[in-house]
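Let me begin by presenting the structure, written as structure tokens, before commenting on it.
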Amino acid sequence: MDQDNNSEDESVGPSEDPSEDELPSLPPGLSDGEAMELLWQLRSQRRQASPELPETVSVLTAPDGSLLYLVGTAHFSDSSKQDVAMTIRAVQPDVVVVELCQYRVSMLKMDEATLLREAKDINLDKVQQAIKQNGLMSGLMQILLLKVSAHITEQLGMAPGGEFREAFKEAGQVPFCKFHLGDRPIPVTFKRAIAALSLWQKARLAWGLCFLSDPISKEDVEKCKQKDLLEQTMSEMIGEFPALHQTIVAERDIYLTHTLRQATRCVETPSNAQKVPAVVVGVVGMGHVPGIERNWEKQLNITEIMSVAPPSRFGWVLRTVIKGVVMGMLGYACYRAGGSLGRTVLSLPAVESLLETIRPPPLSPHDL
């Protein structure tokens, strides 16, 4: 899903050199057309023809001559934030695309302290929300992956996604720059990942994620600059599950390539609506860069990797058994606690909802 960055609605922090990077005050009395032309010329003057960019930046060219500056980042790295800011300021892009989807866009608008607190806090509400949004197994997998991120956050004292917030801020300083979300919706990724695993593989993966405890230092993060720390941690844990790697990494490489190519369409000049090649900055985890480069000139089938198979009958039976076990335990607890408490518990909305899901359908006249 694409989201345009409206600089009028977002608070953008000042840059280090206001004389060069902040948008200037326009002379009074200009028409809309004149103001747009002036800003277009300003951006053209700021755009460097042969910029000196960090070594983490790759340059890809579209068939129409549009340029993609692909910034490979580590999700917990101050250095990556600097790389993103340097690239956007140097090339003054038409579009900035980040490795986020609409389900994670909230991290762009939170301050660092709030994000740090939220990333560490995995509570019952988050578990319920994940299960409601993604289903039982996919929701639990999302919580386990959040635990990996929370583990890294706690070890480093650094909130994830700093490079995306930096990209959002810097895009707001570039005239006519749009801000797009380039990643596949996270519920699709989790549901496809769960569908690719056997029950035994799901149990083994969950076990590994639950007992993640290796210490991590800031030096480890920077050493992982060529392979993002979060993705490296996940790759090490899912290395024995090729199908899981396919859905979480390879398929998202394809989706990110598709959205980045969509962003590199020619843009129109404000003066005469002439089509000119676009300049795009993509901000993605370093682990996705090789896949995007491999897929850049290939024919891609996005429909295939967006489909989610319906739950199998075995999955339905498994969920019913789990709910039955839960209700059995609840009933026994109510019996031990006494009738009045039992009636109180059974009257709770959450319990009534659970009972409704396992209650058999009423018999029709034809079944009598």
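A few notes on this one:
- Per-peptide packing, taken as the mean over residues of other Cβ atoms within 10 Å, places 86-95, 241-250 in the sequence 86-95, 241-250 from highest down.
- Filter on K169/K275; K178/K298; K169/K202; K109/K275 - keep pairs with C-alpha separation over 31 Å: K169/K202; K109/K275
- Under 15 Å, Cβ to Cβ, from P277 - net charge with Lys/Arg +1 and Asp/Glu -1: +2
- Amide hydrogen proximity for C101: with H placed 1.01 Å from N in the peptide plane, the residues at 5 or more positions away or on another chain lying under 5 Å are D183.
- For the stretch 52-69, 3J(HN,Hα) computed residue by residue from phi via the Karplus equation (6.51, -1.76, 1.60; θ = phi - 60°) reads 8, 10, x, 5, 7, 9, 10, 10, 10, 10, 7, x, 8, x, 5, 10, 10, 9 Hz, glycine and proline entered as x.
- Here the stretch 52-105 has 48 percent of its accessible surface on carbon and sulfur atoms, given a 1.4 Å probe and all protein chains in place.
- 5 angstrom amide H check on G285, placed H, neighbours 5+ away: T73
- Peptides ranked, highest mean first, by Cβ atoms within 10 Å: ranges 33-42, 294-303: 33-42, 294-303
- Phi angles of the stretch 257-268 translate, via the Karplus equation with coefficients 6.51, -1.76, 1.60 and θ = phi - 60°, into HN-Hα couplings of 4, 4, 5, 5, 5, 4, 6, 8, 6, 4, 10, 9 Hz per residue; Gly and Pro are given as x.
- Here the label points at E52 and Q246, each 7 Å from Cα along the C-beta direction, are separated by 4.6 nm in the simple model.
- Rounded FRET efficiency, nearest 0.05, which uses the C-beta distance separating Q82 from W200 and R0 of 51 Å: 0.70
The values are calculated or read from the model by the stated rules, or taken from the named source; none is laboratory data. These numbers were taken from a predicted model, which means no experiment stands behind them. Note that we place each Cβ from the backbone using ideal geometry, even for glycine, and neighbour counts take in every protein chain shown. The accessibility values were calculated without ligands, DNA or RNA, using every heavy atom of the protein model including side chains. Shrake-Rupley method; radii C 1.70, N 1.55, O 1.52, S 1.80 Å.
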